[in-house]
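The values are calculated or read from the model by the stated rules, or taken from the named source; none is laboratory data. The shown structure was predicted, so the numbers you read here are calculated from the model rather than taken from an experiment. Note that we place each Cβ from the backbone using ideal geometry, even for glycine, and neighbour counts take in every protein chain shown.
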Amino acid sequence: MIVVEHLSGGYEDVPLVKDISFTVEKGKILGILGPNGSGKSTLLKVLSGILPTTTGMVMIDGKAIHSYNARALAKKMAVLPQLHANAFSNSVREVVSLGRYPHQTGFFASWSARDEQAVQHAMLQTGVKRYEQTPMEFLSGGEQQRVFVAQALAQTAEILLLDEPTNHLDIAHQRQILDMVRKEAMECGLTVVMVLHDMNLASLYCDELLLMEGGQMRAIGAPHEVIIASQIEDVYQARVATYAHPEMPKPQITMMPTAGDRQQRAMIKKEHFTITEHYIQLQTEIPLKIVSSAVHNPGIGWFSCLLNRSVPGDYVISDVKREVNEFLQRENFAPTSTVVMLTAVPTSLVAIQEFSASFGNMIVAVTAGVGNAVDVSRVHERQDEPYIGTINTWVIINGCLSEEAFLQATMTATEAKTKALQSENIRDARSGTIATGTATDSLLIAATQKGEEMLYAGPITEVGKTIAKGVFETTVQAIKNYKNQF
């Protein structure tokens with residue numbers, strides 16, 4: 001455990017870090033963030049005693065750091081600096097073994113089985129065991145970095161101070177090193193303080209983050225309390241956006257281009273649609289930001305090709321995703337830039353309409369196979385096999401939507417679709433009640449992200465009103481097309 005109270009210090013009499021306070025419990029990791037020159041590495045040097053303290057105190061297990069002699073402190077604290085001196089042609093094993101020096105009574109005169117076990121374990125943990133007899137100068141920068149991490153681990157100290165431990169490492173080895181540090185902290189009670197430039201890695205692996213600015217603490221707390229877009233923008237003077245990690249309850253961050261780039265995007269028009277016997281296609285010159293429940297490339301992303309593919313009514317495939325990928329390759333579509341929906345409705349029955357608004361214009365395209373429409377409030381009563389029936393809806397907006405507006409747009413469009421089914425008296429054949437959709441409806445909201453950002457897309461906003469009108473009217477037309485055919 002390390003406790004830092006009102007710590008100031010630096011070079012000579014100039015305190016480069018000022019009034020820093022935090023506590024890191026056993027088994028926890030504190031990440032230090034901040035722009036270049038904010039005092040991150042200096043703070044680590046003051047913590048370790050390399051640079052002098054002017055005011056404040058560093059406590060290790062309840063004792064002031066200055067009460068430990070050099071050897072006793074080295075047994076308590078291991079330090080991985082940002083820059084390493086490696087003037088001699090040492091082997092990897094020799095460099096890692098230097099981590100055991102604080103535990104020796106003479107210069108390796110008392111090498112024990114415990115020392116050997118610590119060195120071997122550290123090399124295995126960091127993936128450098130296979131280089132054991134290799135001279136350091138024959139290793140890449142990333143491999144050398146892992147050796148120095150192994151040296152710090154071999155010290156078997158209770159506190160580990162790391163300055164840019166992932167420096168020079170590729171993403172696989174970044175994960176390996178940080179997974180290993182996380183495991184050591186959790187299983188062995190290691191206390192870790194590390195400086196990181198990568199905010200996403202810091203968020204994923206650290207229990208708490210300390211954000212530095214001008215040698216002082218700007219913020220400290222859990223990752224979601226520190227990695228806040230407005231705060232990061234202020235400290236780094238860079239435009240960013242935050243989002244949730246797909247698997248972990250941790251924030252992630254993305255650098256954003258200048259806002260002026262939004263003005264360079266082309267407008268999508270109705271005539272850009274292509275209708276063939278097998279699919280309805282929208283191919284755009286620039287990628288659109290899309291939120292969809294598509295079969296291929298669902299979720300959120302940027303895509304330049306949209307396909308609503310017509311399949312036979314008896315289309316029953318055990319591996320739909322694989323079959324769709326084979327279709328894309330066969331038809332020479334790029335799988336990574338294409339969104340695909342499936343419909344049993346002939347492509348000739350599609351309804352495509354364009355709607356004007358002050359923010360630009362909007363195109364809505366709908367195929368409505370309502371032969372097996374259902375009332376969603378009654379589907380729990382059905383125990384039959386899956387049944388075909390799909391209303392596919394595309395809403396293409398020549399405008400810029402916020403993340404919240406994309407989600408609100410999906411709600412507005414769904415409500416408008418449901419109202420269209422009511423207007424056309426489409427009923428659930430089992431219950432006889434008004435249908436709300438089909439069992440396999442799909443929805444896509446796309447935007448060019450051009451122009452001023454629209455924060456909301458509910459029915460009280462202009463874009464929401466246009467979505468509601470567009471989806472309702474186009475769905476009604478698509479249902480009429482279907483009725484006329486069947």
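When you scan segment 314-418 for strands (runs of 3 or more DSSP E) that lie fully inside it, which ones turn up with 1 or more residues that are over 30 Å from Pro459 (Cβ atoms)? Reasoning before the result, please.
On the way: elements: 338-343, 351-357, 360-368, 391-397.
The strands (runs of 3 or more DSSP E) meeting that bar are 338-343.
Being surrounded by fewer than 24 Cβ atoms within 10 Å (Cβ to Cβ), small (Gly, Ala, Ser), more than 25 Å from Phe273 (Cα to Cα) and in contact with an Asp or Glu (Cβ under 6 Å, 6 or more places away or on another chain) is the requirement here; does Ser377 meet it? Judged against the criteria, Ser377 is not a match. Evaluation of Ser337 against the conditions (1) polar (S, T, N, Q); (2) under 25 Å from Tyr482 (Cβ atoms); (3) modelled with pLDDT of 95 or more shows that the sole unmet condition is (2). Scanning segment 259-285 for residues that are farther than 18 Å from Thr367 by Cα, at pLDDT 90 or above and either among the hydrophobic types (A, V, I, L, M, F, W, C) or part of a loop (DSSP other than H, G, I, E, B) (or both) yields Ile268, Lys269. Of all residues in segment 407-422, those that are under 17 Å from Val374 (Cβ atoms) and assigned by TED's automatic domain parsing to the domain that holds Glu473 have Cβ atoms under 8 Å from Cβ atoms of residues that are buried (at least 20 other Cβ atoms within 10 Å of the Cβ) and among the polar types (S, T, N, Q), 6 or more apart or on another chain, in Lys417/Thr393; Lys417/Thr475; Thr418/Thr436; Ala420/Thr475; Leu421/Thr436; Leu421/Thr475. For segment 20-48, give me the residue count where each residue is free of Cβ contacts under 8 Å to residues at least 60 places away in the same chain and closer than 19 Å to Thr156 by Cβ. Count: 0. Selection over segment 174-205 of residues that are over 27 Å from Gly37 (Cβ atoms), out of contact with any helix residue (DSSP H, G or I) (no Cβ under 6 Å at 6 or more places or on another chain) and part of a helix (DSSP H, G or I) gives a count of 9.
Out of curiosity, is Thr474 outside any helix (DSSP H, G or I) and among the hydroxyl-bearing types (Ser, Thr, Tyr)? If you could, list the steps in order and put the result at the bottom.
On the way: outside any helix (DSSP H, G or I): no; among the hydroxyl-bearing types (Ser, Thr, Tyr): yes.
Here the answer is no, as Thr474 does not meet what is asked.
Scanning segment 278-303 for residues that are polar (S, T, N, Q) and either under 22 Å from Thr438 (Cβ atoms) or not assigned by TED's automatic domain parsing to the domain that holds Ile445 (or both) returns Ser292, Ser293, Asn297. Here Val46 meets the list (1) buried (at least 20 other Cβ atoms within 10 Å of the Cβ); (2) of a type outside the set (Lys, Arg); (3) under 30 Å from Gln252 (Cβ atoms) almost entirely, failing just condition (3). Leu51 meets each of the listed conditions (1) modelled with pLDDT under 85; (2) assigned to a loop (DSSP other than H, G, I, E, B); (3) touching a helix residue (DSSP H, G or I) at 6+ places or on another chain (Cβ under 7 Å) apart from (1).
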